[in-house]
Amino acid sequence: MSGSDGAMLDVSNLWVGFPSYGEQTHHALKGVDLRIAPGEMIGLVGESGSGKTTLARAIMGLVPPPGVVEKGRVLFAGRDLTALGDEARRAVLGRELAMVIPNPRAELNPVLPVGRQISNVAFYHLGVSRKEADRIALDMLRAVRIPDPERRFAAYPHELSGGMAQRVVIAIALVCWPRLVISDDATSGLDVTVQSQVLDLLQTMVREKQAATLFITRDIAITAHFCARIAIIYAGEIVEVADTRSFFTRPHHPYSIMLLAAFSHNPALRARWTRTEAAGGVATGGCAFAPRCVRRQPRCTQEAPVLRQMAAGHDVRCHFPVDAAA
Amino acid sequence: MSAMLDVQNLVKLFPLAGTRKVVQAVNGVSFTINRGETLSLVGESGSGKTTVGRCILGLIDATSGDIIFDGQPMGRGRDIRSKALRGRVQLVFQEPAESLDPRIRIGATLAEPLRFLGVNRADRDKRVREVAEHLGLPARVLDQYPAELSAGLQQRAGIGRAVITRPELVILDEPTSALDPTARAEIVDLLIRLQAEFGTAYLLITHDLSTVRFVSHRVAVLYLGSIVEEAPAEALFARPLHPYSVGLLSSVLLPDPALTRTSAVRLEGEIPSPIDLPPGCALAGRCPFADARCRAERPVPVAVAPQHFVSCFHHDKVAALDDTTDNFARFQEDSARLLSVGAG
């Protein structure tokens, strides 16, 4: 389990807390372990507030204040990212480790042509001439299939559609051919046709360059088709991690099943997996999912479950996992 | 019985400043909605679906065409702001957080439409409590501000504000796109329940196709401002007959790795610019079936089955494709098997 035997990213026992004045620290991540091999695409699925984005930020070393990494280690190609200084980290981010964020309009610089925003990354990180950087940027616009790339090179973000702005953000992330790509809900705002094109593109790049990808999404359907492995996160803990096929053949955690049930249009079946009476909240002593769990037993509110193996490469954090035979 | 809403040949052109060009946002769209019915308008961004909704509401004026609501034309002087129609046609927005006033408590937001209808305070309060209960909004929420609520609860409040006047028609502009799948499922259930109870008609404008099938009675597929196919929801999802519908539906990802996308029609690129559209079929540039006729002549809707209209010269070739299996139906069967064991 120890060391980094070829993993591109190795997160172990990562804790992130948000201290709150006069109250208990809110732990956004509670001992997350995650490994991604070169060329592998892992889907991380959870609802809003589950800690997905915090994990992405923590890997980048960019936990927003007042949040702090309390414990744990993030090894990127053998280097501990949490121990890097600001200067050293800046050289890694964007060059070897890139992030695709949602809400492109908020993240792009509104007063700079989009072509220039891509070219700046290449210029800064690759040490090429401005002319060469511009050429690379134009190639990138073509690669993400922006129509009429020569004209769009000089366009400002507000002149682009949401889908096009999102592709510009992807172009910025991928322009230096990074070794690890973190995509944070990057395709959720796109049309289905554009989404599949963008995902195909991302997948091609991962294969070609053996880049590892952490694909964060709230849409479990995407992971079924694009990710080799899938991890489900709930309240800062990974509750199930498995090979995609194994997961979709038999998800074991009640929360995973609830996520799948959201796609079913049989309200009766969906209702069986959704607990309505308990008004949310996170349990303190036992399993974090217990208040919403339809399989809850007394033990679940007293003792926190640990991640244990159900089958080869298929781990579940639940006292009473759903079994195939159940 | 005549339809409650009848839209005929709706055209909306936006002139481009400084040029003689126009953006042809909506190009002769016609459809009807009956009482208590849901019509979904689906299409990619840029297809003109939101513009259609705004024209119906009278938020923008149509360039030409007729919009008849309850037997009388909508237009200048008769839109959702006029006294006679106030509260009868309502709107639910995409971004729940942005469509609620951040400084007003949810209870007051819900009551606001009633104030403009002249309902007195006691009746308003009573109605707000009724609606909150109906929507499954906990009573405490009425005293909270939008920022204190989850996106799902915010959208519930947005729907509550729309249905509190007991409207006959609600225009839902991407009501679930900003939500988690779990919250989305709850909102869909809520919309279906409200319709069953009050007989409200919905015009659902969305690109979220997986919800469309189960909410809608009929679906109209919009491409570059024209309806290319209109059919009952079941029929469209089981056997789409327009190449664009096939491509659109096969792009929808379902949470099962076995249900891969069909490859007969892959839509490459994005929707082209709606400025100065060429003659002929709008899809011709992206369609594998396109020939000289498609580029020269604009196809008109053909009835291929009751209530099923396709605007394509080659719909028989699309019908002959053998790989348009109904993934949606297969997924529902498979997921039913998965979900039927192990609960509580």
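The values are calculated or read from the model by the stated rules, or taken from the named source; none is laboratory data. Quick caveat, the model's predicted, so the values are computed rather than measured. Cβ: placed from backbone, ideal geometry, glycine included. Neighbour counts: every protein chain shown. These accessible areas exclude ligands, DNA and RNA; they are computed on the full protein's heavy atoms, side chains included. Shrake-Rupley method; radii C 1.70, N 1.55, O 1.52, S 1.80 Å.
Residues checked against (1) modelled with pLDDT of 85 or more; (2) over 25 Å from the mean Cα position of the chain (by Cα):
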site	(1), (2)
A:Leu260	yes, no
A:Ala271	no, yes
A:Gly281	no, no
A:Gly286	yes, yes
A:Phe289	yes, no
A:Val294	yes, yes
A:Glu303	yes, yes
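Report, by residue number, each residue of segment A:51-94 that is in a helix (DSSP H, G or I) and open to solvent by 70 Å² or more (accessible area, probe 1.4 Å).
A:Arg57, A:Ala83, A:Asp86, A:Glu87, A:Arg90
Please enumerate the residues belonging to segment B:190-217 that are open to solvent by 10 Å² or more (accessible area, probe 1.4 Å) and either more than 16 Å from the chain's Cα centre (by Cα) or small (Gly, Ala, Ser) (or both).
Selection gives B:Arg193, B:Ala196, B:Glu197, B:Phe198, B:Gly199, B:Ser210, B:Ser216.
Can you say whether A:Arg245 is within 14 Å of chain B (Cβ to nearest Cβ), under 29 Å from A:Ala312 (Cβ atoms) and out of contact with any helix residue (DSSP H, G or I) (no Cβ under 8 Å at 6 or more places or on another chain), as far as the supplied structure shows?
yes
Do you know which residues across segment B:79-114 are without any contact (Cβ under 8 Å) to a residue 12 or more places away in the chain and open to solvent by less than 60 Å² (accessible area, probe 1.4 Å)? Give the steps one after another, and end with the answer.
Filtering segment B:79-114 for residues without any contact (Cβ under 8 Å) to a residue 12 or more places away in the chain gives B:82-84, B:98, B:108.
Across segment B:79-114, the qualifying residues are B:Ser82, B:Ala108.
Check A:Ile220, A:Ile230 and return the single one that is facing chain B (nearest Cβ under 9 Å) and touching a Gly at 6+ places or on another chain (Cβ under 9 Å). Break it down stepwise before answering.
Details: A:Ile230 fails: facing chain B (nearest Cβ under 9 Å).
A:Ile220 is the lone residue from the list that is facing chain B (nearest Cβ under 9 Å) and touching a Gly at 6+ places or on another chain (Cβ under 9 Å).
State all residues of segment A:197-223 that are in contact with a Ser or Thr (Cβ under 9 Å, 6 or more places away or on another chain), modelled with pLDDT of 80 or more and open to solvent by 10 Å² or more (accessible area, probe 1.4 Å); if no residue qualifies, say none.
A:Gln203, A:Arg218, A:Asp219
Can you name the residue in segment B:181-220 that is aromatic (Phe, Trp, Tyr) and either closer than 21 Å to B:Val252 by Cβ or not in a helix (DSSP H, G or I) (or both) and, of all such residues, is modelled with the lowest pLDDT?
Filtering segment B:181-220 for residues aromatic (Phe, Trp, Tyr) gives B:198, B:202, B:214.
Okay, now just the ones that are also either closer than 21 Å to B:Val252 by Cβ or not in a helix (DSSP H, G or I) (or both), so B:202, B:214.
Values: B:Tyr202: 95, B:Phe214: 80.
Here the answer is B:Phe214.
Looking at (1) crowded, with 18+ Cβ neighbours inside 10 Å; (2) at pLDDT below 85, find the lone condition where A:Ser20 falls short.
(1)
Restricting segment B:223-251 to residues that are outside any helix (DSSP H, G or I) and touching an Asp or Glu at 6+ places or on another chain (Cβ under 9 Å), which is surrounded by the fewest Cβ atoms within 10 Å (Cβ to Cβ)?
B:Arg239
Given the condition touching a residue at least 60 places away in the same chain (Cβ under 8 Å), touching a helix residue (DSSP H, G or I) at 6+ places or on another chain (Cβ under 9 Å), of a type outside the set (Phe, Trp, Tyr) and outside any loop (DSSP other than H, G, I, E, B), answer yes or no: does some residue in segment B:52-61 qualify?
No, segment B:52-61 contains no residue that is touching a residue at least 60 places away in the same chain (Cβ under 8 Å), touching a helix residue (DSSP H, G or I) at 6+ places or on another chain (Cβ under 9 Å), of a type outside the set (Phe, Trp, Tyr) and outside any loop (DSSP other than H, G, I, E, B).
Tell me which residues, restricted to segment A:104-122, are assigned to a helix (DSSP H, G or I), touching a residue at least 60 places away in the same chain (Cβ under 8 Å) and of a type outside the set (Asp, Glu). Reasoning before the result, please.
Keep residues of segment A:104-122 that are assigned to a helix (DSSP H, G or I), which gives A:104-107, A:114-122.
Remaining after also requiring touching a residue at least 60 places away in the same chain (Cβ under 8 Å): A:104-105, A:107.
Across segment A:104-122, the qualifying residues are A:Pro104, A:Arg105.
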